[in-house]
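**Student:** For reference, the structure I am asking about is given below.
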Amino acid sequence: MNNGLNNGEATVFVVDDDAPVLRAIARVLRSAGLNVTTFESPREFLAGYSADATGCLLLDLSMPDLDGLALQQALADRGGTTPIVFLSGHGDVPKSVSAMKRGACDFLTKPADDEQLIGAVRIAIERDRSARSARQELAEIRGRLEALTPREREVLEHVVSGQLNKQIAADLGTVEKTIKVHRARVMGKMQVESLAELVQVAQRVGIVAPANAL
């Protein structure tokens, strides 16, 4: 399906126990070219939920048995990161505040304006895409880091602290020429071309300078 979002396989998962409302929301979203899958209960959604599914969750706040906040918590307990846009027919401020504090992407009051609804969903899908991209990039950096030898890891930590090669050599009990070799290998394995880029990459994975390098 071609959609204005260019969101690939992203899907809007809509959960609402009111069947007519569920159909109406799905119709609005599909008219905007979005992929939509509907569920009439939170438990039905949870039964088939996969953290690998890309997109967002459009969730009714007030439902019997398991309400929207409970489903939000259930997803968090499973490590789910799917962005959530809440819908409420009551404009419940305390619950909306609670939902937002727990990481909800937006909170709309029924009946939501079509453009507002579509806009909120687009933002949520983009948020999901950006978060997944960041996690993938971080995983790749960690993979490169694991390819370093213990000595190269030491050199990396000293380099990002701002030390010169001769200072690193003194700290590690070797010669400057050897440090230059290790440094070049570190740059190659970490796939960076400058010290500034190496520092940024190291910061992404939480590398800090060793105490004796400060």
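The values are calculated or read from the model by the stated rules, or taken from the named source; none is laboratory data. Everything quoted here is computed from the prediction, not taken from an experiment. Cβ placement follows ideal geometry from the backbone for every residue including glycine, while neighbour counts extend to all protein chains displayed.
**Student:** Evaluate the following for residue 19: is it over 16 Å from residue 117 (Cβ atoms) and at pLDDT 90 or above? Don't jump to the end; show me each part of the working.
**Tutor:** Details: over 16 Å from residue 117 (Cβ atoms): yes; at pLDDT 90 or above: yes.
The answer is yes for residue 19.
**Student:** For the range 101-136, enumerate the residues that are of a type in the set (D, E, K, R) and either in contact with a strand residue (DSSP E or B) (Cβ under 7 Å, 6 or more places away or on another chain) or not assigned by TED's automatic domain parsing to the domain that holds residue 30 (or both). Before you say what the answer is, go through the steps one by one.
**Tutor:** As a first pass, look at the range 101-136 and keep what is of a type in the set (D, E, K, R): 101-102, 106, 110, 113-115, 122, 126-129, 132, 135.
Within the range 101-136, 106, 110, 128 meet the criteria.
**Student:** Right, another one. For the range 98-123, how many residues are surrounded by 12 or more Cβ atoms within 10 Å (Cβ to Cβ), at pLDDT below 75 and farther than 12 Å from residue 68 by Cβ?
**Tutor:** Here the count works out to 2.
**Student:** Continuing with this model, one more query. Identify all residues within the range 27-74 that are touching a strand residue (DSSP E or B) at 6+ places or on another chain (Cβ under 8 Å), among the aliphatic types (A, V, I, L, M) and more than 17 Å from residue 89 (Cβ to Cβ); write none if there are none.
**Tutor:** Result: 29, 34, 36, 53, 57.
**Student:** Can you find, within the range 32-47, the residue that is surrounded by the most Cβ atoms within 10 Å (Cβ to Cβ) among those that are assigned to a helix (DSSP H, G or I) and more than 22 Å from the chain's Cα centre (by Cα)? If you could, list the steps in order and put the result at the bottom.
**Tutor:** Filtering the range 32-47 down to residues assigned to a helix (DSSP H, G or I) leaves 42-47.
After this cut, where a residue has to be more than 22 Å from the chain's Cα centre (by Cα) as well, the list is 42-44, 47.
Details: 42: 25, 43: 14, 44: 13, 47: 9.
Filtering first and then ranking leaves 42.
**Student:** Additional query: Hey, residue 178 hits all of (1) in contact (Cβ under 8 Å) with a residue 40 or more places away in the chain; (2) outside the structural domain of residue 105 (by TED's automatic domain parsing) but one; which does it fall short on?
**Tutor:** (1)
**Student:** If you scan the range 9-31, which residues turn out to be in a helix (DSSP H, G or I) and not basic (Lys, Arg)?
**Tutor:** Initial filter on the range 9-31 (in a helix (DSSP H, G or I)): 19-31.
Within the range 9-31, 19, 20, 21, 22, 24, 25, 26, 28, 29, 31 meet the criteria.
**Student:** Sticking with this structure for a sec: So, residue 135, is that one part of a helix (DSSP H, G or I), surrounded by 14 or more Cβ atoms within 10 Å (Cβ to Cβ) and either in contact (Cβ under 8 Å) with a residue 24 or more places away in the chain or not acidic (Asp, Glu) (or both) or not?
**Tutor:** Working: part of a helix (DSSP H, G or I): yes; surrounded by 14 or more Cβ atoms within 10 Å (Cβ to Cβ): no; either in contact (Cβ under 8 Å) with a residue 24 or more places away in the chain or not acidic (Asp, Glu) (or both): yes.
So residue 135 does not fit the description; no.
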